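A short write-up of the structure that comes next.
The values are calculated or read from the model by the stated rules, or taken from the named source; none is laboratory data. As the structure is a computational prediction, the values presented were derived from the model and not from experiment. For neighbour counting, all protein chains shown are included, and Cβ atoms are generated from backbone atoms with ideal geometry for every residue, glycine included. Areas reflect the complete protein model, heavy atoms only, side chains present, ligands, DNA and RNA absent. Shrake-Rupley method; radii C 1.70, N 1.55, O 1.52, S 1.80 Å.
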Amino acid sequence: MLYLVAFAVAAVIALLLWRAMSGDRADVPRGTGTARPAAPPRQTRPTGPDDDPDFLRSLDETMRRGDDPPPAKD
């Protein structure tokens, strides 16, 4: 009998944890048929000049034209 009670308590705790971890899905009642709106697409932004294609293109054009002075020698 003790095993049956322990199993029932464990099942209730598991159900409560599962509901708590499901997050925003718990707010939507079942059977409504409404889909959650899709998240807007993220705009990818370069993290630095080395990742920016426009910067790299302009750097390449500058180097080809020869507008850039030669690097300093130490």
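Quick rundown of the values:
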| item | result |
| --- | --- |
| Distance between modelled label sites at Leu17 and Ser58, nm, 7 Å Cα→Cβ extension | 5.5 |
| Solvent-accessible surface ranking, highest first, for Arg57, Arg42 at 1.4 angstrom | Arg42, Arg57 |
